1. Among (1) under 30 Å from V446 (Cα atoms); (2) in contact with a Cys (Cβ under 6 Å, 6 or more places away or on another chain), which single condition is V605 missing?
2. Give me a count of the residues in the range 397-408 that are out of contact with any Pro (no Cβ under 7 Å at 6 or more places or on another chain) and open to solvent by less than 10 Å² (accessible area, probe 1.4 Å).
3. Restricting the first residue to the range 537-549 and requiring it to be under 18 Å from V607 (Cβ atoms) and open to solvent by less than 50 Å² (accessible area, probe 1.4 Å), which pairs with a second residue that is outside any helix (DSSP H, G or I) and of a type in the set (S, T, Y) meet a Cβ separation below 7 Å and a spacing of at least six or different chains?
4. Which residues, taken from the range 128-153, are open to solvent by 30 Å² or more (accessible area, probe 1.4 Å), under 13 Å from V180 (Cβ atoms) and either modelled with pLDDT of 90 or more or assigned to a loop (DSSP other than H, G, I, E, B) (or both)?
5. Among the candidates Q595, Q576, which residue alone is in contact with a strand residue (DSSP E or B) (Cβ under 9 Å, 6 or more places away or on another chain), among the polar types (S, T, N, Q), at pLDDT 90 or above and open to solvent by 40 Å² or more (accessible area, probe 1.4 Å)?
6. Can you say whether V251 is surrounded by 14 or more Cβ atoms within 10 Å (Cβ to Cβ), among the hydrophobic types (A, V, I, L, M, F, W, C) and within 39 Å of the chain's Cα centre (by Cα), as far as the supplied structure shows?
7. Applying the selection to the range 260-313, what residues are assigned to a loop (DSSP other than H, G, I, E, B), touching an Asp or Glu at 6+ places or on another chain (Cβ under 9 Å) and closer than 20 Å to K98 by Cβ?
Amino acid sequence: MPVTPSYPGVYVEELPSSVRTITTVSTSVTAFVGHTAKGPVDQAVTITSFADFERRFGGLSAGSPLGHSVQQFFLNGGTIAVVVRVVAGAVAASVQLKNSSSDQQNPPAAVLAVSAREPGAWGNGLRVAVDHATPTPDRTFALEVFATGGQPRERFTDLSMDPADPRYVVDVVNSGSSLVSVVHVDPSKKNRPEPTGTLSSAFDADLPEVEGVLKVGFAGDDAEHEIDVPATKAGSLAQLALLVENAVRAVPDPPGSRAFSSTRVRVAGKRLQVVSGAEDPGRVLVLGGPVGTALGFGASSNVTAYALGATEDSGSQGAGQAGADGTAPGPVDLIGNEVRKTGLNALRAVEDVNLLVLPEVCAFPDDENLDKAVAVLAAATRLCQDKRMFLIVDSPASWTTIDDARGELAKLESIRSSHSALYFPHQELFDPVSGRLRAFPPSGAVAGIMARTDSERGVWKAPAGTESRLSGTRALTVPMTDPENGLLNPLGVNCLRSFPVIGPVVWGARTLEGADALASQWKYVPVRRLALMIEESLYRGTKWVVFEPNDEPLWAQIRLNVGAFMHSLFERGAFQGVSSRDAYFVKCDKDTTTQNDVNSGVVNVLVGFAPLKPAEFVIIKIEQLAGQIEV
């Protein structure tokens, strides 16, 4: 703030610096759009490893190459990816929970609908357990959500069916669960769902003395086990629960099951709740005999856990809907809607995305799919132009020879752009899902190589050459010789080659606009990507200029800040020339911004640079000396 002198002395005033640092934006954050086994639909999710992808999207899938592309991306040097799941006809698993018999509503009716938060068959493995063992057992309940064969992963306690309660089940679960969402079937009714497991009678202060035979079995099974329980007078419900739990756990387990040995007995208000360890959630544990009768276990028995995806009405588990993965997304699904931000257009809401990969578009060997692929690639190209991104295009799987590539390249003429590059052929990888070698699109691996090259050398280095080895690639679907490579390179097709000792590598760095006949200034991938990086960096780094006084002081600051940014790139070897004068220039003065521009609120900044171009053709000239005359 300006200093107002009021007394004789020394005043210190801090002045803002005129230098506003322009930061270099990321260049290798890669977006993958396609079908996955699970995950949020039409939402961009950032991941930093393949383990993240497995945890969030279900890992590799036999029906989609996207998982393998993500794996290849990280295997070849990628560090950050953004995944958008697109589905067609996928269904979320669900189940209906009926009201508690203790709430005195007869006949039982569905009160709570539980659905997997994300569609797909994965939701059929989710289980839900309900118990009334809460601080207020007369009106609240607890909800546990877990996967088949696993320990409970989420638990929500002290839930209420009253919409006015702060612990209303819909609000608490839907805001806190990453696995399920719930719907109150009839908000006017406040009946709780029936607890899972087998319930005893409600006990008063005096607990019954336990002695005799406890019969243990499952409803519908002929096998029934008898356990002799010695005379015991429990001093508390907790001691009584431990007594019953030890008795049931003493029963021999069926082969391959821990139905009895992992049984849990807990106190639910004034009652005991017995939940068996049966893997089948539909099993109903029955406790009888003199001890079971004395404890009142015959009055209420329920499934071990409610199973999402169960379609049959069974006791307190109402009929639900089985989850399904659906079919591979079509062109309409992949393109999505720009207004609703679905499909490809979900990326419009993401700031930092630089590369785009669509491994499913050209993965299937069908000529009919090529026309559909062109429609998707055209929409992807427009998105890349709008967002300053770069599209990595896979060659169609139907291109199994050099002649196929040369003959059908004309079908891709409508999507030729400097914002995209085409790579041929596909790579053969070991598929852990099928246990055999399979052909997969190379775009994920190429994106990983671009990310690795950007990190090690810079975006101005071509992501090709002997340093661009394809990790994990066993072979290429179309081996080619140097002359065959020479047929495709002038057409703007980047070839994948395999050389002795070196192995499979990327052996091309041209954009789809890089055909010799087009004579484009954006012929090479590193030149285009360097320009995109500079454009985006300056776009973000000069926002402070908006609404500043449009005169020479502002122009001088712009020249200073933009010049400092360009000089930093020059020092890192991004441009041609031995001096900064030869490498770049920044102009912003009265010559670029006239008085008419000032009156219109416009400031014009002219930035030029001399890009480095790859040494695509190395010519070595050898001359034989016939002899030398000594002088």
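The values are calculated or read from the model by the stated rules, or taken from the named source; none is laboratory data. Because the structure is predicted, anything quoted here is derived from the model rather than measured. Cβ: placed from backbone, ideal geometry, glycine included. Neighbour counts: every protein chain shown. These accessible areas exclude ligands, DNA and RNA; they are computed on the full protein's heavy atoms, side chains included. Shrake-Rupley method; radii C 1.70, N 1.55, O 1.52, S 1.80 Å.
1. Status for V605: all satisfied but (1).
2. Count: 1.
3. Within 7 Å, the pairs are S537/T23; S537/T24; G541/T23.
4. The answer is P152, R153.
5. Testing whether each residue is in contact with a strand residue (DSSP E or B) (Cβ under 9 Å, 6 or more places away or on another chain), among the polar types (S, T, N, Q), at pLDDT 90 or above and open to solvent by 40 Å² or more (accessible area, probe 1.4 Å) leaves just Q576.
6. no
7. Selection gives G269, G282, R283, N302, T304, A305.
Let's see how each residue does on (1) outside any loop (DSSP other than H, G, I, E, B); (2) farther than 30 Å from L512 by Cα; (3) touching a Leu at 6+ places or on another chain (Cβ under 6 Å):
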| site | (1), (2), (3) |
| --- | --- |
| L530 | yes, no, no |
| W544 | yes, yes, no |
| P549 | no, yes, no |
| L554 | yes, yes, no |
| L560 | yes, yes, no |
| F565 | yes, no, no |
| V586 | yes, no, no |
| T593 | no, yes, no |
| V602 | no, yes, no |
